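Below you'll find the structure, written out as C-alpha cells, and then a few comments.
The values are calculated or read from the model by the stated rules, or taken from the named source; none is laboratory data. Remember, predicted model here, so these are calculated numbers, not experimental data. Virtual Cβ from ideal backbone geometry, glycine too; neighbours counted across all protein chains shown.
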Amino acid sequence: MMKKGNTKLGWFLAVDLALLLVALVMLGSLNRDIANATYLPSAIKSLQSGSCATTGTGLTCTVSITSVNTSSTVILPLGTLASRQAYIGLGDWRFTMELTNSSTVTCTRNTYDSGGLETGTCSFQVVEFQPSLVKSVQRGLISMGVNGSSFNTTISSVNTAKATIFACGIRDNGGTNSGSGAYGGIEGWLPSLTNSSTLNISAALGGSGVVSGSFCWQVLEFR
C-alpha cells in the first residue's frame, strides 16, 4: 500500500512530466515554424555599378549591364568628371544617364564643346527593385528652351503619396565660348511633381549666351 507522502510525490512527478511533454511539443512546433518561415524579400532585386567616358568630339558612351526589368529599375548618377584642358570645355562634366533598354545605359554629355578638348566621365548605379513593390516607372527628358526658367512635361497619372522623382542627370548647350567670360549654362535645377500628372523642372540658366538643355527624369510609383 502506497503511503500518503509517496502519493503526493507521485502526483507532482506526473505533473512535471506532463509539463515537460507540453514544453517539448511546443519547442518542436517552434522549430518547425522557424524552419518553414517565409521571410520578406529585400526591396532590392539587383544592384549594378558602371562608368564610361566620352573622348574627343564624342558626345555619348554606353555601358552593357546584366539585363534588368525596366518596369522596376532606375538609374542613380554617382558623379561626373571632366579633364581640365581648356576653359572652353568647362561644362563637359554634365551628363544625362539613361536606361536605353534592359541591358544598356547611355551617357550623353553637353553638346556645346565643339573643340572636344576634354574627356568626360560619368558614373552610375542601376537599382532594380522587386517588381512586387513597384507599380510603375516612367522616364524621359525635359527639353529646356532658350533662357527659360520653368518647364513641364505630362506623365501618366500617379499617386503622389507613393511616387518619387529620381533625377538621372542634366546637360546643356552652354553659352558663348569666345573667351569673353560670357558663358551661359544651367546653374541650378529643381524637379517636382506639381500634380499627379505633371512633372516640373525649375532651372537657373545663367550667362549672356544662348542657353538650352535637357533634364533626365524618372518617376517611380510604389504600390
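Take the conditions (1) of a type in the set (A, V, I, L, M, F, W, C); (2) touching a Ser or Thr at 6+ places or on another chain (Cβ under 7 Å); (3) modelled with pLDDT under 95; Leu99 misses just one of them, which is (3).
Right, Lys162: in contact with a Lys or Arg (Cβ under 8 Å, 6 or more places away or on another chain), closer than 25 Å to Ser103 by Cβ and in the same structural domain as Trp189 (by TED's automatic domain parsing) or not?
no
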